[in-house]
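**Student:** If you scroll down you'll find the structure; I have some questions about it.
Every read-out reported here was derived from the displayed coordinates using simple, explicitly stated rules and does not represent laboratory data. What you see is a predicted model; the values in this text were computed from it and never measured. Counting neighbours? That spans all protein chains shown, and the Cβs are built from the backbone with ideal geometry, glycine included.
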Number of protein chains: 2
Amino acid sequence: PVKRAGEVGRKKQRVVVVRAEGGGGINPEIRKNEEKVVDSVVVTELSKNITPYCRCWRSGTFPLCDGSHVKHNKANGDNVGPLLLKKQ
Amino acid sequence: PVKRAGEVGRKKQRVVVVRAEGGGGINPEIRKNEEKVVDSVVVTELSKNITPYCRCWRSGTFPLCDGSHVKHNKANGDNVGPLLLKKQ
Ligand code: FES
Ligand code: FES
């Protein structure tokens, strides 16, 4: 439609504000009833020569790694992996 | 006063929350040149009785924990913490 003089000042302007979401948490599920999830390993009690511990917060066997970091990395373009405890 | 084009009395502000694609990553900074960040600890070489290892991906001394999980948890309502390796 053709605007007449004077109409331009009343035109509605849409301003779109793009704001990043603040939810930068990395643990969506594990032991959310705990204020801080800390685990301990007494290293003399390790049974296998290599034991992988989870650092992706997606393992079904947390604090151990069950390989779930692979799916997480692929889905999110991430590059996280476990901490390997080695007896020697 | 005469309004010029683009100068409007009332702006309708629309707030759009967007999440970048793959925005579920948990490691924003550490060794992003590596396809997968895996670390190894030979437990017989641990020097201290307790050594905390980072699981929040915010430590300045990664793979060790430097306490940065506290700031991360507070800023994001999260509850992550380190893995403690204990000699006994
Ligand atoms: S499952 Fe979490 S690091 Fe492997
Ligand atoms: S600094 Fe990452 S768990 Fe403590």
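**Student:** Consider a paramagnetic label point 7 Å from the Cα of residue B:40 along Cα→Cβ; state which residues of the stretch A:55-88 have an amide N under 19 Å from it.
**Tutor:** Inside the label zone: A:55, A:65-67, A:80-88.
**Student:** How much space per residue, in cubic angstrom, does the convex hull of the C-alpha atoms of the stretch A:17-88 take up?
**Tutor:** Value for the stretch A:17-88: 118 Å³ per residue.
**Student:** Can I ask one more? Order by neighbour count: B:40, B:47, B:59, fewest other Cβ atoms within 10 Å first, most last.
**Tutor:** Ascending number of Cβ neighbours within 10 Å: B:47, B:40, B:59.
**Student:** Return the subset of A:87/B:48; A:32/B:36; A:32/B:48; A:36/B:71 for which the Cα-Cα distance in this structure is over 23 Å, preserving the input order.
**Tutor:** A:32/B:36; A:32/B:48
**Student:** Can you put A:78, B:66 in order of Cβ neighbours within 10 angstrom, beginning with the fewest?
**Tutor:** Fewest-to-most Cβ neighbours within 10 Å comes out as B:66, A:78.
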